[in-house]
1. Based on what the data block shows, is P94 in a strand (DSSP E or B), in contact with a Gly (Cβ under 9 Å, 6 or more places away or on another chain) and either surrounded by fewer than 20 Cβ atoms within 10 Å (Cβ to Cβ) or assigned by TED's automatic domain parsing to the domain that holds Q207 (or both)?
2. From (1) crowded, with 16+ Cβ neighbours inside 10 Å; (2) more than 23 Å from A141 (Cα to Cα); (3) touching a Cys at 6+ places or on another chain (Cβ under 7 Å), pick out the condition that doesn't hold for V53.
3. Which residue, of S16, S22, is in contact with a strand residue (DSSP E or B) (Cβ under 6 Å, 6 or more places away or on another chain), surrounded by 20 or more Cβ atoms within 10 Å (Cβ to Cβ) and not hydrophobic (A, V, I, L, M, F, W, C)?
4. Within the stretch 189-210, identify whether any single residue is at pLDDT 95 or above, buried (at least 19 other Cβ atoms within 10 Å of the Cβ) and within 26 Å of F82 (Cα to Cα), and answer yes or no.
5. Hey, Y261 hits all of (1) over 25 Å from the mean Cα position of the chain (by Cα); (2) among the aromatic types (F, W, Y); (3) within 18 Å of V72 (Cα to Cα) but one; which does it fall short on?
6. Can you pull out the strands (runs of 3 or more DSSP E) entirely within the stretch 1-58 that have at least 3 residues that are closer than 15 Å to I78 by Cβ?
7. Has the stretch 107-126 got at least one residue that is among the charged types (D, E, K, R), crowded, with 21+ Cβ neighbours inside 10 Å and either in a loop (DSSP other than H, G, I, E, B) or without any contact (Cβ under 8 Å) to a residue 60 or more places away in the chain (or both)?
8. For a quick check of your reading of the model, give me the residue pairs whose first member lies in the stretch 136-163 and is over 15 Å from L101 (Cα atoms), whose second is small (G, A, S), with beta-carbon atoms closer than 6 Å and at least 6 apart or on different chains.
Amino acid sequence: MKAATSKVAIQGELGSFSHEASERMLPGCTVVPCARSAEVFDRVERGSAAAAVIPIENSLAGTVAEHADLLVTRDVFIQGEFLLRIVHNVIAAPGVKLSALRKVLSHPVALDQCRDFFREHPRIEAVPFYDTAGSVKHVVARHLKDAAGIASRRAAREYSGKILQASIEDDKRNFTRFFLVRKLASKPRLKIIRRKGSLVSAPDYQQLIPEGANKTSIAFKVKNVPGALFKSLSVFALRDISLSKIESRPMRGRPWEYVFYVDFLRGDDEPARNALRHLGEVAEFVKVLGIYPAA
């Protein structure tokens, strides 16, 4: 992605993995930390942040459910993805030794990815905390002598912490996939799609598609009729479009109804547009979440 000096919202503290991904995707950006994911999307929609960088999927823990839901309900568009290798480190206040630790704090997902460390150190308690970098900020600011956090090397630099043990993650092929998202126009131009004799309006996101885009993320809901999912997926098979991911999630406010999330390996070309038009004829709704260059 091109360098930018604009504000980029992230969920979590400075020094987090989202902070690192932001600067890798948009060198020179100003990172704006947010306490909650909803605040990240609020800032993008209000325009107080030009963009957001959000984790959407971890190779071990799976999809970040809240972010998947927010992509469907908010007026944002995915413009890029980035794969960040996740390396967890035990970080404490200066002067603290590993032998003195009685508890280690971090985000529950990070703790779960470091089970071997806690098996090797049974005296150390794993304590859930709201954020990886936030755990380091907490233990260093309070000069805790018997506690540490699990976070990135960047967090150690950000808060002047000391790395007591590096690379403690169980699986060295631990990656998180991040999305760069921007706001859809507040008054988007509308393109008209003719569907089975009726006219349907949809936001025109063409101006947001970056150069070199070759991957598309969508969400859709199938009708409750036999063969609905088969018919929905056939629109891609008929056009030799490869799906790189498909999963379902419960639809908020509608118990036992589900939204399907699909990534496919095409950009904004004629086969992809035809597939989406065809999908619109057999699905209850379709939302294009983003069209972007694959990582």
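The values are calculated or read from the model by the stated rules, or taken from the named source; none is laboratory data. The model shown is predicted, which means the values in this text are computed figures rather than measured ones. Every residue, glycine among them, receives a Cβ derived from its backbone with ideal geometry; neighbour counts consider all protein chains shown.
1. So P94 does not fit the description; no.
2. (3)
3. That would be S22, the only listed residue that is in contact with a strand residue (DSSP E or B) (Cβ under 6 Å, 6 or more places away or on another chain), surrounded by 20 or more Cβ atoms within 10 Å (Cβ to Cβ) and not hydrophobic (A, V, I, L, M, F, W, C).
4. no
5. Answer for Y261: the failing condition is (1).
6. Values: elements: 7-11, 30-34, 51-58.
Output list reads 51-58.
7. Checked against the condition, which is being among the charged types (D, E, K, R), crowded, with 21+ Cβ neighbours inside 10 Å and either in a loop (DSSP other than H, G, I, E, B) or without any contact (Cβ under 8 Å) to a residue 60 or more places away in the chain (or both), the stretch 107-126 yields no hits at all.
8. If the second residue must be small (G, A, S), the pairs left are A151/A133; R154/G15; A155/G15; A155/A133; E158/G15.
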